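Read the structure below first, then the notes.
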Amino acid sequence: KPHQFWQTQPMPNINEMDKLKPGPIQLGVLAEVRKDPFNLIDKFEWFNVDLRNEEQAQQVYTLLKENYVEDDDNMFRFDYSIDFLRWALLPPGQYSDWLIGVRVNQKLVGFITGIPVTLNIENEQTKVKMTEINFLCVHKKIRANRLAPVLIKEITRRVHIKNMWQAVYTAGIVVPTPISQTRYYHRSLNAKKLIEVGFSSLSARQTISRQQKLYKLPEEPKTPGLRPMKKKDVAQVTKLLNEYLKNFKLYFKYSEEEVKHWFLPRKDVISTYVVEKEQGVVTDFLSFYNLPSQVIKNPKYTHLRAAYSYYNVATSTPIVQLMYDALILAKNEGYDVFNALDIMDNDKFLKELMFCPGDGQLNYYLYNWKLESNMLKPEEIGIVLV
Ligand SMILES: COc1cccc(CC(=N)NC(=O)c2cccnc2OC2CCNCC2)c1
C-alpha cells in the first residue's frame, strides 16, 4: 500500500490531473478546523520548541544531527548548526506554535516546522499566503510508529487555524505529487578531501593531483566592486531580487525586512556579496548558505563543508563570471564543495563551471493546489528552500 497517508491528502493524483481546475483542490472551512491537537501514542507529548532557548535549540540540533536526511548511500548526514536553524526558522512574522516537537520523558523524538510565506504561483496576480514546511524528522529508534503522518496532520491543523490552506516543501523522495523534479550538482573546491571522504571517486585515468589541477581556482575574485553585502545595500538588493524573481512561475516577493533577515551576512550561516559600481550603484549580487554534512564514518574527517547556492542576480556581470567568483569566495571561506540545483538560471553556469550532477533529485511540492501546468520545469522554479 504505497503512500497510504498521501492518498488521503488533497494532492492531484494521476487520473484526476486533467479534471481539476487550477487553484485550491479543497476549500478550507475555518469553523471546521479541529481546535485541539491530534492524539499521540501513550507517553508522547506535543511541545512548542523555543529556538531562542539554548537548551531547546541544543535538543533540536542533536535530534537532526543524529536522525535527519542522509544521502542515498548513507555516507553523509546534514548537520544544521543552531545559528543556521535560528536563521531558517525565526524569520519575520514567525508563529511560535509552528516549530513543533514531540517528546517522550522530556527527550525530543520528533520535529516538524513551518514558516509563513507568500508564494506567487504561475503569475503575478496569484499570491497565496501559506506555509513553507521543513525539518520533518523522527528519531531513528521510533520509526514505523506512523508518527510522521501525525506530525504532518498537526502542523496542517495549526496552519489551517491561521486560515491558510496551502504549503510548499521539498523532499528527496517521491510521494504524491511533485510539481517539479530538480537535479542537484556539485562543484569540487577541495578535490583531495572529496575523494578521501568518498564524496567523489576517481576513474581509472584520473589521479588526485590531476583533479586538484583541474578544479584549481584563482586566489581572488575577478569582478571589480565585489564585496560583502552591508545594511546600506538592503534597498537595492530588494529591488534587484524582486525584479529578477518575476521571471519564474514560483517565487516569493521580499520586503526589505525579509531581505535583511535572509541576506545580511551571518558567519557560518549565509554569505552574500554585492557588486558595487560607481556612485554606489549595486548591479549584481550572489549568495550561498552553509550546510555541513557529518561524514558518518571516516578515519580522517568528521565533516564535509558544503556551500549551497542561494539566490544570485546578475544584471551587468555575466552570470558565469559572477558564479565563478562565488566559487572562489566559497573556497576562500573554507568550503570543500559548492552545491546547486538546476533551478532558475543555474543551468547557464553549471556545465561551464565544471559542476557534476549528483546522484539524486530534489522534488518540489505544493499542498492543496492544482497548477495550470501539471509540472513545472526546474528553470521555472524561483524558490530555494534550505
Ligand atoms: C553531502 O551530504 C548530504 C547529506 C544528506 C543528503 C544529501 C543529498 C541531498 N539530498 N542533497 C540535497 O537535497 C540538496 C542538494 C543540492 C542542493 N540542495 C539540497 O537540499 C537542500 C534543500 C532541501 N533541504 C536540504 C538542503 C547529501
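The values are calculated or read from the model by the stated rules, or taken from the named source; none is laboratory data. Everything quoted here is computed from the prediction, not taken from an experiment. For neighbour counting, all protein chains shown are included, and Cβ atoms are generated from backbone atoms with ideal geometry for every residue, glycine included.
Hey, among Asp342, Asp336, which residue is of a type in the set (D, E, K, R) and over 23 Å from Lys192 (Cα atoms)?
Going through Asp342, Asp336 in turn, just one is of a type in the set (D, E, K, R) and over 23 Å from Lys192 (Cα atoms): Asp342.
Where the second residue is modelled with pLDDT of 95 or more and among the charged types (D, E, K, R) and the first is buried (at least 18 other Cβ atoms within 10 Å of the Cβ) and lies in segment 255-281, which pairs have Cβ atoms under 6 Å and are six or more apart or on separate chains?
Pairs that qualify, where the first residue is buried (at least 18 other Cβ atoms within 10 Å of the Cβ) and the partner is modelled with pLDDT of 95 or more and among the charged types (D, E, K, R), are Val269/Asp83; Val274/Asp233; Val275/Asp284.
Testing Ile328 on (1) outside any helix (DSSP H, G or I); (2) more than 16 Å from the ligand (Cβ to nearest atom); (3) among the hydrophobic types (A, V, I, L, M, F, W, C), one condition comes back false. Which one is that?
Condition not satisfied by Ile328: (1).
Answer with yes or no whether Lys277 is out of contact with any Cys (no Cβ under 6 Å at 6 or more places or on another chain), more than 15 Å from the ligand (Cβ to nearest atom), among the charged types (D, E, K, R) and under 30 Å from Pro176 (Cα atoms).
Against the criterion (out of contact with any Cys (no Cβ under 6 Å at 6 or more places or on another chain), more than 15 Å from the ligand (Cβ to nearest atom), among the charged types (D, E, K, R) and under 30 Å from Pro176 (Cα atoms)), Lys277 does not qualify.
Which numbered condition in (1) of a type outside the set (D, E, K, R); (2) surrounded by 17 or more Cβ atoms within 10 Å (Cβ to Cβ); (3) within 23 Å of Leu264 (Cβ to Cβ); (4) touching a helix residue (DSSP H, G or I) at 6+ places or on another chain (Cβ under 9 Å) is the only one that Pro91 fails?
Unmet condition: (2).
Restricting attention to strands (runs of 3 or more DSSP E) lying wholly within segment 1-112, give those where 2 or more residues are within 16 Å of the ligand (Cβ to nearest atom).
Counting at least 2 such residues, we get 76-78.
Quick one: count up the residues across segment 122-150 that are under 19 Å from Lys162 (Cβ atoms) and more than 16 Å from the ligand (Cβ to nearest atom).
Result for segment 122-150: 4.
What's the number of the condition Pro357 fails, among (1) part of a loop (DSSP other than H, G, I, E, B); (2) surrounded by fewer than 17 Cβ atoms within 10 Å (Cβ to Cβ); (3) at pLDDT 95 or above?
With respect to (1) part of a loop (DSSP other than H, G, I, E, B); (2) surrounded by fewer than 17 Cβ atoms within 10 Å (Cβ to Cβ); (3) at pLDDT 95 or above, Pro357 is out only on (1).
For (1) among the charged types (D, E, K, R); (2) more than 16 Å from the ligand (Cβ to nearest atom), each residue gets a yes or a no:
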{"residue": "Glu243", "(1), (2)": "yes, yes"}
{"residue": "Phe263", "(1), (2)": "no, yes"}
{"residue": "Pro292", "(1), (2)": "no, no"}
{"residue": "Tyr308", "(1), (2)": "no, no"}
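Which of the residues belonging to segment 126-183 are touching a helix residue (DSSP H, G or I) at 6+ places or on another chain (Cβ under 6 Å) and part of a loop (DSSP other than H, G, I, E, B)?
His139, Asn163, Val175, Pro176
Kindly indicate whether Lys348 is away from the ligand (no atom under 16 Å from the Cβ) and under 18 Å from the mean Cα position of the chain (by Cα).
no
Could you identify the single residue in Asn74, Asn48 that is over 27 Å from Trp165 (Cα atoms) and out of contact with any Phe, Trp or Tyr (no Cβ under 7 Å at 6 or more places or on another chain)?
Answer to the check: Asn74.
Quick one: in segment 106-137, which of the residues that are under 19 Å from Ala148 (Cα atoms) and in contact with an Asp or Glu (Cβ under 8 Å, 6 or more places away or on another chain) is surrounded by the fewest Cβ atoms within 10 Å (Cβ to Cβ)?
So, considering only residues that are under 19 Å from Ala148 (Cα atoms) and in contact with an Asp or Glu (Cβ under 8 Å, 6 or more places away or on another chain), the one surrounded by the fewest Cβ atoms within 10 Å (Cβ to Cβ) is Ile115.
Report the residue count in segment 276-302 for those that are closer than 24 Å to Leu63 by Cα, assigned to a strand (DSSP E or B) and hydroxyl-bearing (Ser, Thr, Tyr).
2
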